[in-house]
Structures are given as C-alpha cells and as structure tokens.
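**Q** Sharing a structure here in structure tokens format.
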Amino acid sequence: MLKNFLKIAYRNLFRYKFYSIINILGFSIGLSAFLLAYIYTCNSLSFDKFHHKSNRIYRIANIYEKDSTLNKYATTPFPLSKSLLNEYPEFIESSFRIFNFQEPFQLVEYNNRNFNEKNFFFADSSILEVFDFKFVQQSKKESFFISNSVIISESAKEKYFGKYNPLGKEITVNEGIRLKVTGVFKDYPKQSHLHFDFITPISTLSNIIGNEPQTWLWNACWTYVLTKPNINKEKLEKQLPAFVNKYFDKDIRNYSSLYLQKLSDIHLKSELEDEIEENNRSIYIYVILGTSIFLLLIAMINFINLSIVGSVSRIKEISVRKVLGANKFQLILLFMTEAFLLSFFSLLIALFFVETSISVAGKITDNQFNIGLVFNYNAFTVLFSIIVFTSIIVGLNTGLYTSGFSLLKIIRNKTRMGNLKWISGKFLILLQYTISLILLILVLINFNQLLFLKNSDLGFNEKNIVVIPVGNTSLSENYKKVKSLLLKNKNIVSATAMDNIIGTKCFHKRYFYYLNNEKKVQFFPEITVRDNFLQTFNIKILEGNDFDNNQNFFSDTIVNDKIIINKTLASSFNNSHIKNVINKKLFRFQGNEKIAAVIKDFNTNSLHNPLSPLVIRVDNNENDAIENTKYLAIKLNENFTNNDLKYIYKVWRRFEKKRPFEIKFLSEILNKQYKNEDLLNFFLWMQSLLVIIISGLGIWAVTYFLSVQRTKEIGIRKAIGASVFDIINLFSKDFIKMILIANIFAWPIAYFLINKWLSIFAYRVEINFFIFLLAALLMLFQTLLIVWLQAFKVSNSNPVKALRDE
Amino acid sequence: MLKTKKLVKIFRSDEVETMALNNINLDISEGEFVAIMGPSGCGKSTLLNILGLLDNPTSGELFFNGTDVSYFSERNRTKLRKNNVGFVFQSFNLIDELSVYENVELPLLYLKNSKAERKQKVMEVLDYMQIAHRKKHFPQQLSGGQQQRVAVARAVVTNPKLILADEPTGNLDSANGEEVMKLLTQLNNNGTTIVMVTHSPIDADKAHRIVQLFDGHIVTESIRKA
C-alpha cells in the first residue's frame, strides 16, 4: 500500500505542478531561513568550546557597586591571578593573565613591514596549558616563551615572513622592543571571544614598564582560571568574598566582588566593560532563532492550506477511491505520504540553498559558518521532526477534510467551498496573518530603535570630526606643535585630544571628597583631555567656566586645579541646585581639584548604557599629559574636502615616518557600536521579506483556488448586475475581515514582545502606534494586491462559460 | 425592444470553429412573450445570452431599445443589464451561501438601493411569489420548485423590462413547472417582456410567438396569439 501511495504521490507531484511548485518553494524558503538561523545559533553557542578544557575554564569578572554606581569589568588587577592560585590550590589547577595596551595598537616591524597590531598580548606561560594552541613551528624548550620571545599566529607569520622560517627572527615592537619569534601557532577559529596574533610573556612587559604593577586598584588585565576536575564553580565563588576582603584595597573592598564567568558564556552572556573583543547578546541570537521559527510556522501553515486547496482539484480521484472502499485512515495516509514527499523535496532544496549561501551569510555576520553544523545527529533529528510533524498535520487535516466530502454531492459535482468556510483554513490563515503581523511590527520597531540609537542627540556634536589614534607616537609628545600645524588649515576648526574616544568608553578613576566632614571615596568615569575639548565637541556648559585654554597647563607657577563634571554627578552632590557645587573640592590622588564647571550630560558610552557621572580633567604634568594623549580629535569645517584629510596625513607623516596612518570619522566609530543591532536588523528585514513572499504565495494560491471554486457564483452575480468592482470587493471582503481580526490578536502580543525587547536598551524609542498601523497597512496592501489581481482576472472572464449547466 | 441584425456567434477552441449562431435577424417588441425552441446545441442559450448582454456577438448588430449595444464595453453592459434585465436559469443558479432573502436582495445591492428600499422590495416580491415564509432558509433547504420561485423573485425584484428565462422548468416536475409558467405569464400580463428558451411545447404554448432554431439559423417563427 505504501508503495502504491508513494507512486501516486510522486505522480501527483508532477501532475499538479502549480501546487507542487508553490508548496515546495514556500516550504523550502521557510526551511532555509530556519536552517540558517539554526546554524547561526549553533555557531554562536559554540564559542570558545574548541578548548579541550573549556568547561573548566573561567574568566574572573570584577564588580564595583557603591550607591548609584555599578561597574562590571572584565578586567582585574595584576596580582589577582597568583594570589588566587596561592590561596585556593585545592580548587584551582592553573591560572593566567593576559594584558595588552589596547588601542592605539602596537606597531610591529620586521624587514620594513610595519603594521599596527590589534591582537598583541602579554600573557603568563600557563596560558599554553589552559588554552588550546596548535603549534606549527616551535623552537627548543629552553628558548620557547621566555622573556623577550614571542609566539605568533600563522596569519601573522604569513604577513611578516611569508614563506620564510620565522623562528629565531626578531620583530620590533613600538620602534624599540625587540622580540625573538619562538613559535607559530594555528589561528584561533572565529568562534573565539579573543584572537591572538602575538603573545609574549608578561615578563617582557616588566622589561618595558619596569616592575610588574602590584596595585589592586588598577584593573589592567584579564584573569583566567582552570578549576580542578569535579570542582564546581559555586564552591570557588563562595570563597571569593573572603578573598576580596583579604586582598583588595581598603577603599574598595567593601564595594567590590568577584565572580566566575564560564569561558563559553563570554560571547553571549557577558556584558562587561573592557571586553577584549565585542561580544554578542544571547537575546539577539534567540530573537533571530525565534523569528525564523515564526517564519517556518508560516511556511507550514501555507503547506497545510495549499494541500487542502490542492485536494479539491482532485475531488474525482478521491471520490473514486472512496467508492472503491478507501476509508478515512487510508485517505489520511495518502495525504501524509504526499506531504512527506513534498517536504522531503523542500528539505533537499533548502539544504542546497543553505550550502550555496552559507559563505555569504558567514561574511555578512562576520563568522565562518560550517554546513557541518547541519549534518549531525542533533540537526537531523530536528529537521526530520519538522518534516514528519508537517506531514502528519497536513495528512490529518487534508485527509479528514476530504473524507468528509459527501459522495453524492461529489457525483453531482456540487461540492464547493467557495468562501473561506473550511474551518481549519480560516483558522490557519488567521494564524498566518497574526504571526506575519507580529513579525512585521517587531521588524519595524527594531528598525525604529536602531535609527533612534544612531540618530540620538548624544549631548555632543560628532559631525565632521575625525579621530586619529596617537598614543605611543611622536604626535602625542608634540601635541602642541601638531595642533598649531593642523589649525593652519582653514578647514580645520579645532582640535583636541583625549584618553578614550568620546562616546565609546571611559576609564573609572578613584576620587574622594568630604561630605559632612566624612571622607568619601568613589570611582567615577573620567575623560582626560587636552585643551579645547568642550569647544571641539560643542558640549554645553550649564554653570561655571571652561578650562582656560590659553593657559600653560604645565607651568610650575600656575597650578591648574580645575576639573569639570557633568550634571548627573553635580546632582548627586547637590540635588537642589547644581550652581552650589562650583568651587567644591573633588580630589584625585594628591590633587587639589576644584569643580570649575558643570556641563550638560552626554553619553560617554554607547546607548546600551545609561548616563553616568563624569569627570573631565586636564593633566598638570606634561608626562602624564603625553601618556593620556591617545586620540586626536579634529573638527573639520562643513565644506572640508579630501585635500584636508590629505593635509592631516601630511602632518602625521612629519612626526611618524613608519607607522601606518589610521583615521576614522567619529560618527562611523560611534555607529559601529551598533554592529550587532545592525546585523539583527538585517536578519529581521530579510525574514520579514520572506514572510511577505511566503504568505503572498499562499494567498495567491488560496485566491486562485477560490476563484476557480466560485466561477459559477461570479457568473451569477455578474448576470445579475455585479460590476468588476463588486466582484473584487467580494473577494477582498473575507481577507480584509481576516486581517482586521488578526490585528486584534497580533497587536497585544506584539506590544508585549516589544516592551520586553526594548527593555534591554537603556535608551529606547517610544512605542509608536503608527508602526502597528503601518504593519497592518502593509499586510493589507500585500493581500489586496494579490487578491485584486486574481479577482480582476476572474471578473473579466465571460460569465456565460460559468453559467453553462454541463 | 430587442432587435438583431445578421447576428453571428462563432466559438473558437484551439483548432475547431463552431458557428453557434448564423445570421440571426430577430425583432422582439416590448411586452412580448417569445419562446425560443430547437434541439440541443442549436444555439438557443447562446442567443439568449447575447440578448441578455452576457456575451458579445462575433458579428452583426444588437439593438436594445433602439441603441446599438452589440459591442458595448463590459462596464456599460453591466449597467444596462442590472437596470433592465432579469435572468431565470434552468438550474436556478442561486448562491448557496446566501439565504433566500439575501439572494433576492442581491440585484438591489448592485443597484445601490437603500436598506429600507431593499427590504420593502424584497418582501413585496417574496410575498408575491408566496415564498416569504422561507426567507431565512438557504437554497439547499428548498425544493426545486421553491428554488425556481426564488430565482424568479430575484429576476423580477428590480422590476426589469425584460426577463430572459433559460429552460426555467427544465429541472422541475410538472406541477412546479406549471407554477413557474403561471408566474411568468402573470409578469408578462403586467407588461414585462419575456424571452424564454424551452424544450417544452406546453410551456412554449404560453408564449405569443415561437422562434424555432436549428444549427444556428431561425427556421420558423410562428405567432401563437394576437
């Protein structure tokens, strides 16, 4: 029997090409989208799992919480690693630190090849025991990974040495430090929260900066621990409060805590300051997976509807089967077999599509996707379940529906279901509309949110400002000269420098002040700047005065004791009137600082974070100032041209002969912070486009079916006097009703989801009901366009044909 | 009221051409009751459809109240049809999803009559057809005779000048058939022009004039009553 069914099913596939094609097309689109999202999810969940000991490796995270301040850092103090290992040898098998100078990147040279290297790290040698490294080349044990040696990745080897053997060769870092290459390791896969190109022992760092820093107040490096087998994380975490109390500086120990982050959780679940590379958010992944499941559901619904629609064209065949004795169960089985065959074909097409598009998808998401993620036991189970489930539902639905046909009516040719009266169909189309609407609303709101993030008033003007990393370069040493040269260009309005790029991140510095004669110590985000900072970024002063920009800050006789704070910080000192905080003292280490001005709040970080207190400071000591002159910000006139950028390059080259020149527009840097949101947005748009295509295919097929079924009715109506418009109206009515009802279901659900969704953003767009309306209109437009085209065709056909009795 | 000159209708399908009507000249005056007879496939229904503006002739002319409507656009034909013509079909052609009341109401909807107007007209005609008690029923729940009465009610509710009936008794038993013919005769007595296609000589007997068709030609015309 099954063989007979398969044969019939196979023949019907070709016989009813229209339905087969629409069915397979719709379902394979749905499956492809789901598969890609599945691969993306698996890929995201696989981060850092390539280390053999991955489930025993943790990174130590550091929380500082005091009053309204809450800072979560991925970084920890230098002495932490060793102290932890000494303190808890029964829990910890090994631990190591990694450190880098962050931006601006290290200038690495070999044989006249110079590059700024981002992935240049200092690390303890135990990194080689804890993390997985596959060495391609390695020098002898005694010279391997010792002070002033470096191990490099394969791609770094390729970049600097090409086909030559790098072992024993010396690279130069920052034009002074010479490091001998002692090993070449395979590049880490994309699925890693960090990537190494150069690793040199921490002892090299000591050679550069003197002794290894011993302070517990500077969160300078990342600390990883490998726990002993069978030690659970909670056991170790329980010990940490006592550890903090014992080791941390007395000013912070009451407000600090440590916790362990599982290595494989870092990519999706870590939202800390000072991450090594930008991570993703698990919610984004689940939104993409969730919406793709929605999409698959829509494709399934289409499948179910289409098979009912298709079955009607086969009324004769089905009735003959019934006359010959086919029972309900056999009809169900027949349709199940057919559905299985169709969904199996769809799956093959989807796999083919995914295989061909996977590299593009990888590029878009900055990942290396692997089709292998689909060819494994788990994925097969999921896919097989989907097509079996779909086949069962389709078989049951269509089988039960057709077995309900009255034979007598079929013989008299009277079975028709002209308007959407078959219950499951109505329900499913409603469901399809509801899901599509929810998805559309989500997409539109998310897009709105992204625009909002990108176009929000940040509290400073980022337009026409270029940023150049100048840390560790001669430009920072010659800041004044550089600036005066730059200002000679009439299209350069102003220039300043800072220790971090405004709007992206800030260091937290320790401050103290007296409140009711009691000394208070607190960490505040701080930007250390050079002259004309407020002016360059057009930051508004609410009270007091700017730094005296003409003053010589490094003079021995005049002490600059001014600092500027933002309104949030001022309000925390004196809520009633910020004017009263002017001239109040706020000390740094040894300082004498007085608050000179209160400025309007601006966003020191991406808009994922709320506004925070802020201190703006100018260094009094020239060496400190040079140290903190890490980024040059140059404000250009609106009419600037490429020549002005070339001018800036020439100034750079006057001071830096070798180092590659890097220049970026501030607005670009700021927008890049929303890379994950951009990606999500892209995914959602693609999915909603697919939803429109799939549901469009479905509506097309259903209206086609209706038009065939209602030919006679339309003939009658036309004979009676219905115009083309009346007929179009007749067709649209049911669909319009359906869309209206779908809105009633979709709006509250979408509203609930959006509220949840937006709550993860510190800055969020107001929910605009116009968007709900827009989604409804889009859906209406899509449907009516299809329905009208179909109805127009029908209404223009000759009614005489329809009215013929035979 | 209706006049055809050299009316020709050819059906074309792939490679076969069938001449359904060949040179038909017919003149139907207002208030007349004309029966069209002939064997199956002689072109009776085709002629009726063209007279009722459901179909266009291939060539020749058709005048409706003196206006040449032979090649009217679909839009104009619809307009003319809904204001002037009522149809009664052999298989009733009621819409299954609509109740008796709604079926009869339909032409009035297309004429954009007000709700009150529609109600009044529908009830009047249902009373007249003695089917008002079944107004909430659906076609499937009625007997053939009742269905045809509803179909006639639907045809006359707009008070058309012309009723075209295509074998109106073909699907009815003799008692019900007689009933329907009575209705048509009554309508004709009240001034409605009726053109009826029929196989039944008894029904044709009710008409003023019988037109005999054979292979698309008019073979005889006989006047029954003065």
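Just so you know, all these numbers are worked out from the coordinates, no wet-lab data involved. Keep in mind it's a predicted model, so treat the numbers as computed, not measured. So basically every Cβ, Gly included, is an ideal-geometry build from the backbone, and we count neighbours across all protein chains shown.
**Q** Post the alpha-carbon centroid distance, segment B:176-226 to segment A:160-195, in whole angstrom.
**A** Their Cα centres are 105 Å away from one another.
**Q** Could you give the C-alpha radius of gyration of segment B:1-152 expressed as a fraction of 2.2 N^0.38 Å, taking N as the number of residues it contains?
**A** Dividing the Cα radius of gyration by 2.2 N^0.38 Å gives 1.20.
**Q** Treating cross-link reach as a plain straight distance, find the aspartates and glutamates whose alpha-carbon is under 12 Å from the alpha-carbon of residue A:657, omitting any fewer than eight places away in the same chain.
**A** Within the straight-line limit of under 12 Å, residue A:657 reaches these aspartates and glutamates: A:175.
**Q** Please identify the DSSP H helices in chain A that span no less than 30 Å along the helix axis (Cα) and have a mean Kyte-Doolittle hydropathy of -0.5 or more.
**A** Helices meeting the span and hydropathy rule in chain A are A:17-45, A:282-312, A:328-364, A:377-403, A:423-455, A:675-709, A:724-758, A:769-795.
**Q** Can you tell me which aspartates and glutamates have their Cα less than 20 Å from the Cα of residue A:519? Leave out same-chain residues fewer than eight positions away.
**A** Once the sequence-local aspartates and glutamates are set aside, what remains near residue A:519 is A:65, A:67, A:249, A:251, A:561, A:593.
**Q** Considering only B:168, B:201, B:57, give the residue with the highest GNM mean-square fluctuation for chain B, with springs between Cα atoms whenever their separation is below 10 Å.
**A** Maximum fluctuation in the GNM of chain B, among the listed residues, is at B:201.
**Q** Which links in B:135/B:161; B:44/B:182; B:115/B:135; A:483/A:505; A:269/A:675 stretch past 19 Å when you go from one Cα to the other?
**A** B:135/B:161; B:44/B:182; A:483/A:505
**Q** Over all directions, what mean area does the Cα convex hull of segment A:632-701 project, stated in square nanometres?
**A** Working: hull surface 33.0 nm².
Taking the Cα atoms of segment A:632-701, their convex hull projects to 8.3 nm² on average.
**Q** A follow-up question, please. Give the Kirkwood hydrodynamic radius (Å, one decimal) of segment A:441-482, defined as one over the mean of 1/r across all pairs of different Cα atoms.
**A** 13.7
**Q** Could you tell me the ratio Rg/Rh of segment A:766-806? Both radii from Cα atoms, Rh via Kirkwood.
**A** 1.40
**Q** Give the distance, in whole Å, between the Cα centre of segment A:38-69 and the Cα centre of segment A:629-666.
**A** 38
**Q** What fraction, in whole percent, of alpha-carbon pairs in the protein assembly as shown exceed 61 Å separation?
**A** Details: 190274 of 531996 pairs.
Roughly 36 percent, once rounded to a whole number.
**Q** To the nearest µm²/s, what D does Stokes-Einstein give for segment A:33-115 at 20 °C and 1.002 mPa s, using the Kirkwood radius over alpha carbon pairs as Rh? Provide the component values of the computation, followed by the final result.
**A** Working: Rh = 17.3 Å.
Calculated translational D: 124 µm²/s.
**Q** Scan around residue A:593 for amide H atoms under 5 Å from its own, H built in the peptide plane at 1.01 Å from N, and keep only partners 5 or more places away or cross-chain.
**A** A:586, A:588
**Q** Let me ask something else. From the Cα trace of segment B:68-161, what convex hull volume per residue do you get, rounded to a whole Å³?
**A** So the per-residue Cα hull volume is 105 Å³.
**Q** While we're on this one: Once you have the alpha carbon radius of gyration of segment A:1-145, what is it after dividing by 2.2 N^0.38 Å, with N set to its residue count? Please report the intermediate quantities before stating the final value.
**A** Numbers: Rg = 27.7 Å, N = 145, 2.2 N^0.38 = 14.6 Å.
Dividing the Cα radius of gyration by 2.2 N^0.38 Å gives 1.90.
**Q** Over segment A:196-293, consider all pairs of different Cα atoms and compute the Kirkwood hydrodynamic radius from their mean reciprocal separation; express it in Å, one decimal.
**A** Hydrodynamic radius (Kirkwood, Cα only) of segment A:196-293 equals 17.0 Å.
**Q** Which of rounded, prolate or oblate describes segment A:154-213 when judged by the alpha-carbon gyration tensor and an a/c cut-off of 1.5?
**A** Note, shape of segment A:154-213 comes out oblate.
**Q** Along segment B:199-216, what does the Karplus equation 6.51 cos²θ - 1.76 cosθ + 1.60 (θ = phi - 60°) give for ³J(HN,Hα), rounded to whole Hz, x for Gly and Pro?
**A** Using θ = phi - 60°, the values come out as 9, 8, x, 5, 5, 4, 4, 6, 7, 6, 9, 10, 9, 9, 10, 8, 6, x Hz.
**Q** Take segment B:1-47, compute every pairwise Cα distance, and split them into 10 Å bins from 0; I just need the percent in each bin.
**A** Over segment B:1-47, the share of Cα pairs per 10 Å bin runs 22, 49, 23, 6, 0 percent.
**Q** Right, here's the next one. Segment A:95-142 to segment B:87-159: how many Å between their Cα centroids?
**A** 90
**Q** How far, in nm, would the chain grow between residue A:725 and residue A:792 when pulled straight, counting 0.36 nm per residue and subtracting the alpha carbon separation?
**A** 23.3 nm
**Q** Quick one: order A:206, A:795 by neighbouring beta-carbon count within 10 Å, fewest to most.
**A** A:206, A:795
**Q** While we're here: Could you name the lysines whose alpha carbon sits less than 16 Å from that of residue A:737, not counting residues in the same chain fewer than 8 places away?
**A** List returned: A:421, A:426.
**Q** From the Cα gyration tensor of segment B:158-226, with a ≥ b ≥ c the square roots of its eigenvalues, which class applies: rounded if a/c is under 1.5, or else prolate if a/b is larger than b/c, or else oblate?
**A** Because a/c hits 1.5 or more and a/b fails to exceed b/c, segment B:158-226 counts as oblate.
**Q** Please list the equivalent ellipsoid semi-axes of segment A:670-745, computed as the square roots of five times the alpha-carbon gyration tensor eigenvalues, in descending order and whole angstrom.
**A** Semi-axes, largest first: 41, 13, 10 Å.
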